[in-house]
Amino acid sequence: MILGTLGFVFEVHEEETSDGLVLQVRTRDPGRLIGREGHTLEDLQFLVNRLSHSSEEVAQRVVVDVEGYRTNQRRELVSRLGRIAQRVRQTGEPIRLEPMNSFDRRIVHNVFQDDRDVEAVSPPGESRLKRMTVQLRNRPRAEGANVSATRVSDTGA
């Protein structure tokens, strides 16, 4: 793996999940692999998936996690989305989220998939980072117009 070439001492454990293959990386220096706000980890996962898809016709999705970082981030995101949904229910106003990668957007969609009152809407386009909108269901789709510019910080809703 590329990590050995870069001087990392690591172990990788593979797990099959409903989301695809998860590579759990254990290392003595997780901060270097995770990077600021997870950007290095995101880039590593992107690279692994690009390599996987280029070598196999039907490649499964690969999630790369370092020392449980993604697991913790997912837990925090789901908790924050609960607070955001409650605010949308109370006010009726849509809330735009911070720009997210496809991994996080998938989590958001899964959280609201069975919610009767609230839905998450992704803007169209091929951009790697997109700002989703959380809004009441049965409301006209948000295309950027009439969407509250409320930004939700990482500290809560």
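Numerical summary
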| quantity | calculated |
| --- | --- |
| Hits in the stretch 6-16 (condition: without any contact (Cβ under 8 Å) to a residue 12 or more places away in the chain and assigned to a strand (DSSP E or B)) | GLU14, GLU15, GLU16 |
| Failed item, numbered, when ALA59 is tested on (1) under 13 Å from PHE103 (Cβ atoms); (2) among the small types (Gly, Ala, Ser); (3) out of contact with any strand residue (DSSP E or B) (no Cβ under 8 Å at 6 or more places or on another chain) | (1) |
| Some residue of the stretch 17-27 being more than 29 Å from LEU6 (Cα to Cα) and either more than 16 Å from the chain's Cα centre (by Cα) or among the small types (Gly, Ala, Ser) (or both) | yes |
| Helices (runs of 4 or more DSSP H) contained entirely in the stretch 22-125, each with at least 3 residues that are within 18 Å of ARG137 (Cβ to Cβ) | 69-91, 102-112 |
| Yes/no for GLU11 being touching a strand residue (DSSP E or B) at 6+ places or on another chain (Cβ under 6 Å) and more than 16 Å from ARG106 (Cβ to Cβ) | yes |
| LEU3 modelled with pLDDT of 90 or more, over 30 Å from VAL118 (Cα atoms), touching a strand residue (DSSP E or B) at 6+ places or on another chain (Cβ under 8 Å) and in a helix (DSSP H, G or I) | no |
| Within the stretch 11-28, considering residues that are surrounded by 10 or more Cβ atoms within 10 Å (Cβ to Cβ) and over 10 Å from VAL66 (Cα atoms), the one modelled with the lowest pLDDT | ASP19 |
| Exclusive hit being among the hydroxyl-bearing types (Ser, Thr, Tyr), under 27 Å from MET132 (Cβ atoms) and outside the structural domain of PHE112 (by TED's automatic domain parsing), set SER54, SER18 | SER18 |
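The values are calculated or read from the model by the stated rules, or taken from the named source; none is laboratory data. On a predicted model such as this, the values are computed, not experimentally measured, just so you know. Backbone-built Cβ (ideal geometry, glycine too); neighbour counts: all protein chains shown.
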